[in-house]
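Scroll down for the structure; my scribbles are underneath it.
Just so you know, all these numbers are worked out from the coordinates, no wet-lab data involved. Model, not experiment: these values are computed from the prediction. Here the Cβ is made from the backbone with ideal geometry for all residues, glycine too, and neighbour counts use every protein chain on show.
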Amino acid sequence: MRNVVNIPGWSTKRKLIVFESDDWGSIRMSSKSNRDALVKAGFSFEGHAFNLYDALESNDDLAMLFEVLSGFTDATGRNPVFTAVSITGNPDFEKIKASGFSKYYWEPFTDTLARYPQHDKVYGLYQEGIGKRLFHPVFHGREHLNVLRWLSYLQSGNKSVLRAFESGVTGIYLGIGNERLADFQAAFEPDSIADLPFMEQAIHEGLDAFERLWNFQAAYFVPPNGPFHNSLEKVLHEKKVRFILAERRQQEPLGDGKYRSHFHYIGMRNKWGQTYLTRNGFFEPSVWHGGLREHAVDKCMLAIERAFRWNKPAIISSHRVNYAGFIDPENRGRSLRLLSELLYSIRRRWPEAEFMTSTELGDLIYKERNRN
Ligand SMILES: [Zn+2]
């Protein structure tokens, strides 16, 4: 069954590998002391890697990731490259609180960096990484947050969400005493269609912020956490986004608890002429528990092998959480050792493999289709 995902869509004889790494620029757990305080307040993060380890990328996170990537080359003599699926801003907690949770304010992620203690070189390291083609930012959203949903919880006085707010945290699924909360990370999942104008504005402002940060326009968009209202594709198109990550079987949230199913494959085009990419593998050592972490390399090699068997590029998901060491440096260390092992295994097994960014792959698919 695992092979089936690779059958339809664009194919190539070239052995192309893309690493897509989500969540860069976004806050998650704000610090180790805040994590410990939240646990004391009754939150349980047991088994939730994103709450345990994920945090705004630090100086060391980028420097050490780039060191590993620069240690390998592919058949074209170039280094492996991470497509950094990036968030351009975060909530401005102080201003939101001052408004009595009635208004939303956000700040560019460079302002967030300035308030974190091991993050003063991050913006410079990004530019270095982009210059050396080790790191290629694409767009994940203005903030990794369903703002209207989150505000409604704050306004209704939900104790768990308010307590997390006090610690500068938005991305929790379970509250105090394992209270079930909504998915606050899904920025583009409307609760009703009345939410859509806000989401359209978030895309506009986020993409403008992206261009200001990196001096180029984002070509590719990955919907945070998956859920996405497809009318927003038009806004992405107006802002020159040419490629979109799609789930093979998308359940499009229409608001008011309704959904519509769609089927996607790699290279498929929508009515705006945007091309869909789909993922077919993952390398997520931090997200696995119960001794499976060490299998991350084998599982990823297997996914690449399957992709190549069907003449498909391997598009590998590998979230920032794996490379985040601000809260627990050993989390980052373990993943980087496994990443080295993975890159070494790829080089040995497929010496002809080529590492690409999602944007380069999208452009290649576009060019080939227009030639035929
Ligand atoms: Zn994400």
Share antiparallel - DSSP beta bridges, region 79-189, percent rounded to 5: 40 percent
Within region 220-372, pairs of Lys residues whose Cα atoms are less than 30 angstrom apart, provided they are eight or more positions apart or on distinct chains, add up to 17
Skipping prolines and chain starts, which residues have an amide H placed within reach, meaning under 5 Å, of the one on F135, given they are 5 or more residues away or on another chain? F82, I130
If you place +1 on the Cβ of every Lys and Arg and -1 on the Cβ of every Asp and Glu, how big does the dipole about the Cα centre of region 157-309 come out, in debye to the nearest 20? 560 debye
Region 182-315: antiparallel bridges as % of DSSP beta bridges, rounded to 5, reads 60 percent
Quick one: Cα centre-to-centre distance for region 196-256 and region 1-57, in angstrom? 19 Å
Spin-label point model (7 Å from Cα, Cβ direction): what's the Q251 to W288 distance in nm? 2.6 nm
Apply the Karplus parameterisation 6.51 cos²θ - 1.76 cosθ + 1.60, with θ equal to phi minus 60°, to every residue of region 311-326 and state each ³J(HN,Hα) to the nearest whole Hz, in sequence, with x for glycine and proline. 6, 10, x, 8, 10, 9, 7, 8, 5, 4, 3, 5, 10, 8, x, 4
Amide H to amide H, which residues 5 or more places from D22 or on other chains are under 5 Å from it, using H placed in the peptide plane? V85, S318, H319, R320
For the chain, convex hull volume per residue from C-alpha positions, Å³: 138 Å³
Can you work out ³J(HN,Hα) from phi for every residue in region 175-190, in order, using Karplus 6.51 cos²θ - 1.76 cosθ + 1.60 and θ = phi - 60°, giving whole Hz and x for Gly and Pro? x, 4, x, 6, 4, 6, 10, 6, 7, 7, 7, 7, 5, 10, 10, x
Antiparallel %, DSSP beta bridges [both residues in the chain], to 5: 30 percent
What number, in percent, do you get for the relative contact order of region 94-207 if the mean sequence gap of Cα pairs under 8 Å and at least 6 apart is divided by its residue count? 25 percent
Could you give the length gained by full extension between W310 and E46, i.e. 0.36 nm per residue of separation minus their alpha carbon distance, to one decimal place? 91.2 nm
Karplus-derived 3J(HN,Hα) from phi for region 88-95 (6.51 cos²θ - 1.76 cosθ + 1.60, θ = phi - 60°), whole Hz, x at Gly and Pro, runs 8, x, 9, x, 8, 4, 4, 5
Placing unit charges on C-beta atoms (Lys and Arg positive, Asp and Glu negative, everything else neutral), compute the dipole magnitude of the chain about its Cα centre in debye, rounded to 20. 1200 debye
With point charges of +1 on the Cβ of Lys and Arg and -1 on the Cβ of Asp and Glu, referenced to the Cα centre of the chain, which listed residue (G177, W272, N158) lies farthest in the positive direction of the dipole? W272
